[in-house]
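The values are calculated or read from the model by the stated rules, or taken from the named source; none is laboratory data. As the structure is a prediction and not an experimental result, all values here were calculated from the model. When we count neighbours, we look across all protein chains shown, and the Cβ atoms used for this are built from the backbone with ideal geometry, even at glycine.
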């Protein structure tokens, strides 16, 4: 367990390396970690990326230039770095925590215990009113309220917690707010709370960025409250992430005849805590907030990079892969190669955009 | 465990005795059972009642005449007798099951597995619509729907289950329907379902008769569904009885801003199963319905009536009693009297209207 005070700060040069690595093609948080561990640092990993990607079959993998990274670094103003003291405490626990988080506004809000209030964009008047009341009461109880800046419930939750501390997690870059009509709300949050994104400036949010963003909303928080949610709505994705991340899930009930309550009623059936007032949330979260956070155990120090792999060994490992997910352990066993060699081949394929990682150390070819 | 086929039928004379005994002043279901057991039958108990009550301090305890009982017997047409095969199976399990139940209509409905659907009199349009849908679906699944003939949810539940089998449990006598404007609905139930009361004809229901009636609604059923209920409403009393009787409790959620949902949302917080469709109820009740019913173990055969108690012994026992509930075991120990003697003194006080029995074999003076 790492205590907050033990966080080590990166130098500005190291930050630039981190930024360039996480912004390279096909490098997500998990690949970032694997590369960083394998090569003993972001600089060495960065140098290795082009060769790795080429061997994995990519034609032109992109790494941002040092100048691009410096520009983004400057624009971000505050960059939360995974492992540093300012990085949101609970977010460090999740498996795919972003190595860097661009924070704008009052970063102190990220040090408060946090709870997410999320829900339908087409919320009912009652839903909006309830979200406001809940967010205000949770704020008065000392919690930062986290949400997604969306229309309806999200916006109501932010507005009601401006004074006490509110955090909006964006799906795109800081200069590409969605929805655009919430620019004024975002400005108000900037003045008193925080806007957070793992995406680079200039990144227009696409449909698939929203579920990805939702893992950060739940990851920052000790619990997630779903206020109104139809079946198959984004709020349920946030609730699923919360469960996977070991966060508490809360849901606000509604009439069985109201389609906007179907998702939240389902959550309660599945074991979420029913919420009719802030006290229901506080009763579950206060004991959790009081206990120290178990940080994810880091992988051991990286072994030295393995000797160059022979073409035959690489081909043998790739042949074992197909569209059906297989355990990495099986690849090691069946190929006769070392775990380090298998890891390198998987990294190569990943950087070439040809590998998909599934839960439970399963991989498949794309 | 007694099987249905083993029920013993009373003769008409015995029924009259039972009726006169349960209609005597200060004789409720528990006292009825104690007297019946103690004297080895209702006739002997009936003869003993005036003396017992006098010794307990009553001036003029009333027993209905044989003629009154015969008139009620005739009016009731069908009289469910505790222990007989036609008596509702599950109701036999409860501690204070009425010895006699006046049934009008189609008594066959009482043989179906049953579920209660109860709720607010000032129900919302959505609540009424949901109650109708639920009652119809539960009826189609083979359940009798039991309710209290009240305005709002109760009436909706009865109406939607007329064809499949519905049971209205009354708080007053069969000729004193409440509310009066439901006479037509009661007529429709009479034609296809059943109306049930433990009260004598002519008995106008008083406020305190409704909670008492509610124990029968839950007692007849395998489970109780609360559709809309404010805090401190009658439906919550039915739910509490259901819990005490080991019945399943279900509740339909609603908006936290709707006062009519406060009671049902509270029930879910306390562990009731959230219901948005009949399948939620059926999933829990079908397995229960399939298992045989454990009937309440009857007390052993009555011992012979004890020798006449001396005034000193009686006084010693009465002196040990006060407004604070005390365990009957303590009375036996502290008085030095036999358990049978203590029981007799308690019966005397009870018949004189001076004793209150609490749960857990506790008694106090009124």
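The table for this structure:
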{"read-out": "Filter result for the condition that a residue is modelled with pLDDT of 90 or more and at positive phi, over B:271, B:219, B:254", "value": "B:271"}
{"read-out": "Members of segment A:47-66 that are closer than 14 Å to residue A:18 by Cβ and surrounded by 21 or more Cβ atoms within 10 Å (Cβ to Cβ)", "value": "A:49"}
{"read-out": "Qualifying positions in segment A:153-164 - surrounded by fewer than 24 Cβ atoms within 10 Å (Cβ to Cβ) and in a loop (DSSP other than H, G, I, E, B)", "value": "A:162, A:163, A:164"}
{"read-out": "Residue match in segment A:148-157 (condition: out of contact with any helix residue (DSSP H, G or I) (no Cβ under 6 Å at 6 or more places or on another chain) and under 20 Å from residue A:107 (Cβ atoms))", "value": "no"}
{"read-out": "Residue check, residue A:184 assigned to a loop (DSSP other than H, G, I, E, B) and more than 14 Å from the chain's Cα centre (by Cα)", "value": "no"}
{"read-out": "Exclusive hit being surrounded by fewer than 20 Cβ atoms within 10 Å (Cβ to Cβ), more than 14 Å from chain B (Cβ to nearest Cβ) and in contact (Cβ under 8 Å) with a residue 12 or more places away in the chain, set A:149, A:170, A:190", "value": "A:190"}
{"read-out": "Residues (part of a loop (DSSP other than H, G, I, E, B) and under 20 Å from residue A:215 (Cβ atoms)) located in segment A:10-34", "value": "A:23, A:26, A:27, A:28"}
{"read-out": "Which numbered condition residue A:329 misses (of (1) touching a strand residue (DSSP E or B) at 6+ places or on another chain (Cβ under 9 Å); (2) at pLDDT 90 or above)", "value": "(1)"}
{"read-out": "Restricting segment A:64-81 to residues that are assigned to a loop (DSSP other than H, G, I, E, B) and at pLDDT 85 or above, the residue that is nearest to residue A:28 (Cα to Cα)", "value": "A:64"}
{"read-out": "Filtered residues of segment A:279-317 (kept if modelled with pLDDT of 90 or more and in contact with a strand residue (DSSP E or B) (Cβ under 8 Å, 6 or more places away or on another chain))", "value": "A:280, A:281, A:284, A:285"}
{"read-out": "Members of segment B:321-353 that are surrounded by 18 or more Cβ atoms within 10 Å (Cβ to Cβ) and in a loop (DSSP other than H, G, I, E, B)", "value": "B:321, B:337, B:352"}
{"read-out": "Filter pass, residue B:86 being assigned to a loop (DSSP other than H, G, I, E, B) and in contact with a strand residue (DSSP E or B) (Cβ under 7 Å, 6 or more places away or on another chain)", "value": "yes"}
{"read-out": "Qualifying residues in segment B:117-142 (those that are over 20 Å from the mean Cα position of the chain (by Cα), crowded, with 24+ Cβ neighbours inside 10 Å and in contact (Cβ under 8 Å) with a residue 60 or more places away in the chain) - the one farthest from residue B:88 (Cα to Cα)", "value": "B:127"}
{"read-out": "Residue within segment A:92-102 that is more than 20 Å from residue A:200 (Cβ to Cβ) and assigned to a helix (DSSP H, G or I) present", "value": "yes"}
{"read-out": "Residues within segment A:109-130 that are within 11 Å of chain B (Cβ to nearest Cβ) and either farther than 19 Å from residue A:274 by Cβ or outside any loop (DSSP other than H, G, I, E, B) (or both), tallied", "value": "6"}
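Okay, residues lined up against (1) away from chain A (no Cβ under 14 Å); (2) closer than 30 Å to residue B:125 by Cβ:
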site: B:232; (1), (2): yes, yes
site: B:248; (1), (2): yes, yes
site: B:257; (1), (2): no, yes
site: B:264; (1), (2): no, yes
site: B:270; (1), (2): no, yes
site: B:286; (1), (2): yes, no
